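For reference, the structure is listed below as structure tokens.
The values are calculated or read from the model by the stated rules, or taken from the named source; none is laboratory data. All values derive from a computational prediction rather than experimental measurement. All Cβ positions, even for glycine, are placed from backbone atoms using ideal geometry, and neighbour counts span all protein chains on display. Calculation scope for accessible area: heavy atoms of the full protein, side chains included, ligands and nucleic acids excluded. Shrake-Rupley method; radii C 1.70, N 1.55, O 1.52, S 1.80 Å.
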Amino acid sequence: MTNLNATPAESVDQRRRFWFSTTAVLVLLQLPWPRWLVPGDGLTTLTLRELLFWLMAALLLLHVRFIERRPLQSIGFRKPRWSSLAWGVGGAAAMVAGMAFIYLVVFPAMNLNEEAQLGEMQTLPLWFRVALITRAAVFEELYYRGFAIERITELTGKRWLAALISLLLF
């Protein structure tokens, strides 16, 4: 993004454009566009919302490639390795253990009951639940981990601050 042969004025202008476009993307993708554009709770409505999330993910990728003119590696896309699979399986096991702890220990200790929400989710078709989970994983990793952390690190120079801001946005 930065042109090493740019004059100081061009460099400042490029930096301003980068700040503006990064902030705009962070704000715009944080807004609940799918709920605003497709109100309601039926299966068709929920499916259309999921499609809007996929569209938002595609727009983010297009922004990186054609507005920022950067490779997708700049937001974490890498060719998978065997170690990626190992990390994925380990992460999945840790998440299942964490969720079991939350549902079996934390919720009962706090007298919280999630059965109504779980029952409502279980009324949805299996294909939709799988699609919902897949979309959530892809969009959230792309937006919160890939784009937000990488760009905020670039803007602030501090990875820990970028991670904290991304966590607060999430």
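Ligands, DNA and RNA are left out, and with a 1.4 angstrom probe the accessible area of the chain is 71 Å² per residue. Each Lys or Arg adds one and each Asp or Glu takes one away; over the other residues whose Cβ falls under 13 Å from the Cβ of ALA163, this sums to +3.
Considering only GLN73, LEU164, ASN113, the residue lying farthest towards the positive end of the dipole of the stretch 45-170 is GLN73, judged by Cα position with unit charges set on Cβ. The calculated 222 nm mean residue ellipticity attributable to helices in the chain amounts to -20000 deg cm²/dmol, summing -39500 (n - 2.57) over DSSP H runs of n ≥ 4 and dividing by all residues.
Given a 10 angstrom Cα cut-off, can you work out which residue in GLY42, GLY157, GLY90 is the most mobile in a GNM of the chain? Per the Cα network of the chain with a 10 Å cutoff, GLY90 tops the list. Restricting the trypsin sites (Lys or Arg not before Pro) of the stretch 50-95 to loop positions (DSSP other than H, G, I, E, B) with no more than 15 neighbouring Cβ atoms within 10 Å leaves ARG69, ARG78, ARG81.
Counted by Cβ distance under 15 Å from ILE102, the other residues give a net charge of -2, where Lys and Arg count +1 and Asp and Glu count -1. Per atom type, the chain shows carbon and sulfur on 69% of its accessible surface, probed at 1.4 Å.
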